[in-house]
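The values are calculated or read from the model by the stated rules, or taken from the named source; none is laboratory data. What you are looking at is a predicted structure, and each value in this text was computed from that prediction instead of being measured. FYI the Cβ positions are ideal-geometry reconstructions off the backbone, even for glycines, and counts take in every protein chain you see. We work out accessible area using only protein heavy atoms, side chains counted, and drop any ligands, DNA or RNA first. Shrake-Rupley method; radii C 1.70, N 1.55, O 1.52, S 1.80 Å.
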Amino acid sequence: MIYETIEELMIKAQAAEGKTFGEIDTTGRIKNLKSKGTLGNIIEESYFGYKINSASKPDFENLGVELKVTPFKKNKNGTYSAKERLVLNIIDYMNEFKLTFKTSSFMSKAAKMLIMLYQYEPDVDISDYQIFKAFLNEFSEEDLAVMRRDWKTIVTKIRNGEAHLISEADTMYLSASTKGANKLSVRTQPYSTLGAKQRAFSLKASYMTGLIRKCLTPEYMESFSNKDELQTKSLEEILNERFMPHYGKRVDLLCSEMGIKYNPNNKSMVPHLMARLLGVKKNDISDIEEFSKANIKFKTVGREPDDSIREHMSFKRVNFDTLLNEEWEDGELYQLFAERKYLFLIFRYTENYKPKVKRIPFFEGIKLWNMPQQTIDGVLYDLWVELKKVVDEGVELIPKGRRVFNNLPGPSFNGVSHVRPKAGNGKDKTLLPDGQWITKQSYWLDREYIQEILDDE
């Protein structure tokens with residue numbers, strides 16, 4: 001069926017709200033649950049009545065509208081989040097770099113999207129999933145400005161013969177996600193004889209979360225940038241401009257200026273302070289629109305008077321329940337770095353460290369960073385493989401005095417990342433697959449590696 005106007009199309013789409021996929025399906029396709037895109041295919045074929053295809057043009061070509069059926073989930077705190085990124089189209093490395101952003105394959109597909117949301121519930125039969133909301137999405141000028149930079153970042157690597165070095169964390173909202181059965185799914189690229197992983201233009205799960213929340217619960221999200229700035233500056237440049245007047249100031253004085261109580265034992269003090277310095281009222285910079293949609297997390301770094309860094313940097317706890325069964329690109333370690341940027345908030349101590357002597361640092365600067373794909377595919381992957389091997393074979397727990405040592409890959413493993421304890425105390429333990437109890441462990445980046453990142457200006 002041909003829909004003559006967008007209004008006609010939207011009336012049809014919104015009439016599906018509340019219907020289950022089992023009610024919509026007329027082909028029996030829903031029984032083939034192993035088929036990727038099953039639910040989207042049901043909507044295409046059974047509801048809108050057109051043949052399934054993988055054409056590069058929008059699904060409703062005469063209207064320039066692409067159909068996307070995507071899941072969301074309800075969190076324990078009552079908020080909504082995207083369950084996954086929104087995959088758009090495979091990137092043709094041999095042709096994409098010849099285009100402009102306006103004529104890009106991404107914009108040809110996604111400039112206008114009919115998005116149909118359904119709620120993912122693990123304990124509900126897939127045939128009982130309901131279409132929750134149907135809406136037409138057209139990107140704001142602010143988001144398009146960021147996406148234009150993202151597209152240029154991806155295309156620049158293609159043009160430089162570096163498509164094999166593309167990482168999802170290179171970009172803010174629009175990413176080039178891996179799309180293939182396995183690591184052998186590669187494509188030729190220009191200006192290089194190396195094969196590059198097959199990738200697709202995708203909207204990050206974090207970006208989709210922002211889009212879904214705006215649609216389902218129109219909550220106000222504060223932003224520190226505006227569309228005019230974004231036309232000419234990157235988010236990092238805008239961040240530096242906002243923070244620069246405060247560089248070199250002692251943290252307790254900054255707190256006083258911003259009306260915040262200085263309490264270094266309060267973990268929310270720094271994010272609260274940084275949000276105020278950006279000129280927003282949110283209590284956490286993670287709640288700011290640009291950070292939320294770009295999946296940017298912040299980390300504080302303390303530098304000594306001689307530039308060294310005393311402490312390793314901790315990340316997520318190791319989930320031993322899922323570790324042995326996870327695939328690399330679906331695993332928590334990969335996702336910590338392959339899909340995320342980090343804003344390092346750098347603080348400087350002017351006095352040398354002395355045990356039990358409190359020091360108040362100065363705010364020195366920021367660095368927006370993501371781990372290079374070569375590092376992810378190299379030493380980070382090596383850590384994951386070694387960790388799985390040790391856990392699978394059974395962790396050796398070696399008591400020495402009051403401490404218990406283990407043979408997990410520690411700080412001397414590869415110079416970049418390791419696993420070590422992070423717990424409230426020695427009694428804060430977790431169960432290993434072999435039935436032993438071990439102090440809770442986390443993923444860490446080596447302090448020497450962090451220093452290299454900060455020194456690499």
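Residues being free of Cβ contacts under 8 Å to residues at least 24 places away in the same chain, open to solvent by 60 Å² or more (accessible area, probe 1.4 Å) and at negative phi are represented in the range 206-217 by at least one member. Within the range 155-165, is even one residue outside any strand (DSSP E or B), farther than 28 Å from GLU23 by Cβ, in contact with a strand residue (DSSP E or B) (Cβ under 7 Å, 6 or more places away or on another chain) and open to solvent by 30 Å² or more (accessible area, probe 1.4 Å)? The answer is yes, given that some residue of the range 155-165 is outside any strand (DSSP E or B), farther than 28 Å from GLU23 by Cβ, in contact with a strand residue (DSSP E or B) (Cβ under 7 Å, 6 or more places away or on another chain) and open to solvent by 30 Å² or more (accessible area, probe 1.4 Å). What do you reckon, is ARG159 more than 22 Å from PRO58 (Cα to Cα) and among the basic types (Lys, Arg)? Criteria met by ARG159. Put simply, of GLU241, GLU229 the only residue that is of a type outside the set (A, V, I, L, M), farther than 30 Å from LYS358 by Cα and surrounded by 14 or more Cβ atoms within 10 Å (Cβ to Cβ) is GLU229.
Whenever a residue of the range 287-298 is over 11 Å from ARG340 (Cα atoms), its partners that are modelled with pLDDT under 90 and charged (D, E, K, R), lying with C-beta atoms within less than 8 angstrom and at least six residues away or across chains, give the pairs ASP287/GLU222; ILE288/GLU222; ILE288/LYS282; GLU289/GLU222.
Touching a Cys at 6+ places or on another chain (Cβ under 7 Å) and more than 23 Å from LEU211 (Cα to Cα): does that describe TYR247? In short, no.
Using the structure shown, decide if GLY78 is surrounded by fewer than 12 Cβ atoms within 10 Å (Cβ to Cβ), more than 30 Å from TYR191 (Cβ to Cβ) and small (Gly, Ala, Ser). Yes; evaluated as a whole, the condition is true for this residue.
ASP25 meets each of the listed conditions (1) under 22 Å from LYS204 (Cβ atoms); (2) open to solvent by less than 30 Å² (accessible area, probe 1.4 Å) apart from (1). Restricting attention to the range 403-456, the residues that are over 19 Å from TYR334 (Cα atoms), part of a loop (DSSP other than H, G, I, E, B) and touching a residue at least 12 places away in the same chain (Cβ under 8 Å) total 10. Scanning the range 281-313 for residues that are open to solvent by less than 20 Å² (accessible area, probe 1.4 Å), under 21 Å from the mean Cα position of the chain (by Cα) and not aliphatic (A, V, I, L, M) yields GLU290, PHE291, LYS293. With respect to (1) open to solvent by 70 Å² or more (accessible area, probe 1.4 Å); (2) on the phi < 0 side of the Ramachandran plot, the lone exception for LYS440 is condition (1). In the range 356-385, of all residues being under 22 Å from the mean Cα position of the chain (by Cα) and assigned to a strand (DSSP E or B), the one that is farthest from ALA196 (Cα to Cα) corresponds to ILE366.
For the range 318-341, state whether one or more residues are open to solvent by 20 Å² or more (accessible area, probe 1.4 Å) and aromatic (Phe, Trp, Tyr). No, the range 318-341 contains no residue that is open to solvent by 20 Å² or more (accessible area, probe 1.4 Å) and aromatic (Phe, Trp, Tyr). Selection of the range 176-198 for residues being in a strand (DSSP E or B), under 21 Å from GLU326 (Cα atoms) and among the basic types (Lys, Arg) yields only LYS197. Restricting attention to the range 247-261, the residues that are crowded, with 16+ Cβ neighbours inside 10 Å and in contact with a helix residue (DSSP H, G or I) (Cβ under 7 Å, 6 or more places away or on another chain) total 3.
The residues of the range 46-72 that are surrounded by 20 or more Cβ atoms within 10 Å (Cβ to Cβ) and among the hydrophobic types (A, V, I, L, M, F, W, C), listed by number, are VAL65, LEU67, VAL69, PHE72. So for the range 417-430 (the condition being more than 30 Å from ALA205 (Cα to Cα), more than 31 Å from the chain's Cα centre (by Cα) and modelled with pLDDT under 95), does at least one residue qualify? Yes, that holds for at least one residue.
Of all residues in the range 305-317, those that are of a type in the set (Gly, Ala, Ser) have Cβ atoms under 7 Å from Cβ atoms of residues that are open to solvent by less than 60 Å² (accessible area, probe 1.4 Å), 6 or more apart or on another chain, in SER308/GLN451; SER314/SER442; SER314/TRP444. Only one of the listed residues (VAL379, VAL391, VAL385) is exposed (fewer than 15 other Cβ atoms within 10 Å of the Cβ), farther than 16 Å from GLU311 by Cβ and at pLDDT 95 or above. That residue is VAL385. Candidates in the range 116-138 are the residues that are without any contact (Cβ under 8 Å) to a residue 60 or more places away in the chain and touching a strand residue (DSSP E or B) at 6+ places or on another chain (Cβ under 7 Å); of these, the one that is nearest to TYR207 (Cα to Cα) is GLU138. Residues in the range 332-347 that are out of contact with any Pro (no Cβ under 6 Å at 6 or more places or on another chain) and more than 30 Å from ARG85 (Cα to Cα): ILE346 alone.
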